[in-house]
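> Take this structure first; my questions come after.
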């Protein structure tokens, strides 16, 4: 995590316009990496039987989503790991509606992180609605 913060600090002092674009793209990449790390933390805590820690990670992701973009597919899987299936389904529907590019991977039947979400029959209805089963 320290390396990510150090890279962001280095990237924040770039005066050239072309490099500003590169800085923005790199920041987006780092942000996606952090969101994926948080997602994995929520899943691990839920699997270890530590629901309070998993809920804490999910709450942090939701707070972050209020300030900046967090992929709704990521939020859906994190919510399902915590056991908030209604919220997970809302996030999943939003991911499909905005055509989140990670939907095909995140909600794939071959992707183990989405197993909890795929077990819900309401999610299967969403997949059929968007023709992605």
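The values are calculated or read from the model by the stated rules, or taken from the named source; none is laboratory data. Since the model is a prediction, treat every value here as computed from it, not as a measurement. Don't worry about glycine lacking a Cβ; one is built from the backbone with ideal geometry, like all the others, and counts go over all protein chains shown.
> Please determine, by comparing only the residues of the range 96-108 that are out of contact with any helix residue (DSSP H, G or I) (no Cβ under 6 Å at 6 or more places or on another chain), farther than 11 Å from residue 127 by Cα and at pLDDT below 85, which one is surrounded by the fewest Cβ atoms within 10 Å (Cβ to Cβ).
Applying the filter and picking the extreme gives 101.
> Follow-up question, since we're still on this one. Scanning for something modelled with pLDDT of 60 or more, over 21 Å from residue 113 (Cα atoms) and out of contact with any helix residue (DSSP H, G or I) (no Cβ under 8 Å at 6 or more places or on another chain), does the range 3-14 turn up at least one residue?
The answer is yes, given that some residue of the range 3-14 is modelled with pLDDT of 60 or more, over 21 Å from residue 113 (Cα atoms) and out of contact with any helix residue (DSSP H, G or I) (no Cβ under 8 Å at 6 or more places or on another chain).
> Given the range 25-121, what helices (runs of 4 or more DSSP H) lie entirely inside it while holding 1 or more residues that are within 11 Å of the chain's Cα centre (by Cα) and touching a residue at least 24 places away in the same chain (Cβ under 8 Å)?
By residue number, 51-67, 72-82, 85-97, 103-106.
Table: residues versus (1) buried (at least 18 other Cβ atoms within 10 Å of the Cβ); (2) under 23 Å from residue 123 (Cα atoms).
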{"site": "44", "(1), (2)": "no, yes"}
{"site": "64", "(1), (2)": "no, no"}
{"site": "77", "(1), (2)": "yes, yes"}
{"site": "87", "(1), (2)": "no, yes"}
